[in-house]
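Below you'll find the structure I mean.
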Amino acid sequence: MKMNFLIYLSIFCCVLAVPARAEKLELQMCYEDNNRPPYFLGKGALVPQLGQRGIIVDAIDEASNKSKIKINWIRAPWKRCIAMFKTGLTRGVAVAIYRPEWEQFSRFPKTLKGKIDTQRTVSVVNYNFYENEKKPLGWKGDFDFDRSQMLIGAPRGYAVSKLLKDKGFDVIENLTPEEGLKRVATGNLRAYVFAKESAGVMVKKMAEKGRNIRRVDPAVLTTYLYVPIFGDTYMDHPKTIEHFWTELSKIMKNKLAQ
């Protein structure tokens with residue numbers, strides 16, 4: 001009897017000595033429901049299969065797996081993604097540029113000195129005008145040119161759209177980039193502003209219909225893309241989130257170099 005007790009006791013102690021498997025941090029994250037090749041693929045609320053979501057979403061999946069994070073993806077119009085993030089319904093968005101006012105509810109990668117970390121970004125993004133070569137804008141890199149009766153298209157909720165409106169442009173925001181570029185091609189829209197990394201792919205797919213569309217340099221806005229995380233989540237899991245941001249940056253650099 002005594003021997004059986006000692007055996008049971010030793011087994012019990014061994015079980016206690018085995019460390020519990022760390023549970024993954026589970027995050028709801030939203031990204032835009034429009035096709036943005038090569039960054040986001042597919043349209044609508046349906047999230048494509050793993051590995052077929054576009055290089056940014058695939059990279060986030062890889063980085064989250066390396067950081068013991070489980071991402072539950074949601075696809076929605078960009079403004080709705082932002083609204084859900086601001087209220088905490090989601091814990092991250094893919095992707096956003098840094099805005100100081102977002103410090104009220106979210107966190108971005110920062111250096112040890114507290115500056116926004118431009119080394120741990122998802123990627124650089126350049127927003128350019130796309131014009132009809134028969135109706136040139138006259139853009140030279142500043143906003144000192146005639147903008148009278150000039151209707152410009154830009155995505156709803158994007159920082160570049162706000163920038164253009166602040167500069168006095170009449171901006172239409174209810175067109176997808178594909179729709180906007182088609183209107184530029186037919187002369188029904190003076191120009192459309194979008195990330196050249198995606199717009200160039202879209203123009204090529206238009207083939208003959210897009211032959212009169214050209215990108216205007218320099219960019220209207222050049223900035224960095226990040227995956228901001230809701231403030232409370234970061235405060236509860238700072239090491240996990242910091243590791244995620246670092247891994248994400250490494251993975252994206254490799255993908256963009258291929």
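Starting from residues that are of a type in the set (A, V, I, L, M) and touching an Asp or Glu at 6+ places or on another chain (Cβ under 7 Å), keep the ones in region 196-223 and report whichever is farthest from V122 (Cα to Cα).
It comes out as V216.
Continuing with the same structure: Take E173 and tell me if it is acidic (D, E) and touching a strand residue (DSSP E or B) at 6+ places or on another chain (Cβ under 7 Å).
Judged against the criteria, E173 is not a match.
A quick yes/no check of all residues on (1) touching a residue at least 24 places away in the same chain (Cβ under 8 Å); (2) surrounded by fewer than 15 Cβ atoms within 10 Å (Cβ to Cβ); (3) under 21 Å from the mean Cα position of the chain (by Cα):
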{"position": "G180", "(1), (2), (3)": "yes, no, yes"}
{"position": "R183", "(1), (2), (3)": "yes, no, no"}
{"position": "K204", "(1), (2), (3)": "no, yes, no"}
{"position": "G210", "(1), (2), (3)": "yes, no, no"}
{"position": "L225", "(1), (2), (3)": "yes, no, yes"}
{"position": "E242", "(1), (2), (3)": "yes, no, yes"}
{"position": "E247", "(1), (2), (3)": "yes, no, yes"}
{"position": "M252", "(1), (2), (3)": "yes, no, yes"}
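Within region 198-213, identify whether any single residue is assigned by TED's automatic domain parsing to the domain that holds G138, within 24 Å of G138 (Cβ to Cβ), in contact with a strand residue (DSSP E or B) (Cβ under 6 Å, 6 or more places away or on another chain) and in a strand (DSSP E or B), and answer yes or no.
yes
Can you tell me which condition D117 does not meet? The list is (1) surrounded by fewer than 17 Cβ atoms within 10 Å (Cβ to Cβ); (2) touching a strand residue (DSSP E or B) at 6+ places or on another chain (Cβ under 8 Å); (3) in the same structural domain as E247 (by TED's automatic domain parsing), and all the others hold.
It is condition (1) that D117 fails.
Give me the residue from region 54-79 that is over 16 Å from P37 (Cα atoms) and free of Cβ contacts under 8 Å to residues at least 24 places away in the same chain and, out of that set, surrounded by the fewest Cβ atoms within 10 Å (Cβ to Cβ).
Step by step, filter region 54-79, then rank; the result is N65.
Are there any pairs, at least 6 apart or on different chains, whose C-beta atoms fall under 8 Å, with the first in region 138-160 and hydroxyl-bearing (S, T, Y) and the second outside any loop (DSSP other than H, G, I, E, B) and buried (at least 17 other Cβ atoms within 10 Å of the Cβ), and if so, which?
Short answer, once both residue conditions are applied: Y158/W78; Y158/Y127.
The values are calculated or read from the model by the stated rules, or taken from the named source; none is laboratory data. All values reported here derive from a predicted model rather than from experimental measurement. Every residue, glycine as well, gets a Cβ built from its backbone with ideal geometry; the counts of neighbours run over all protein chains shown.
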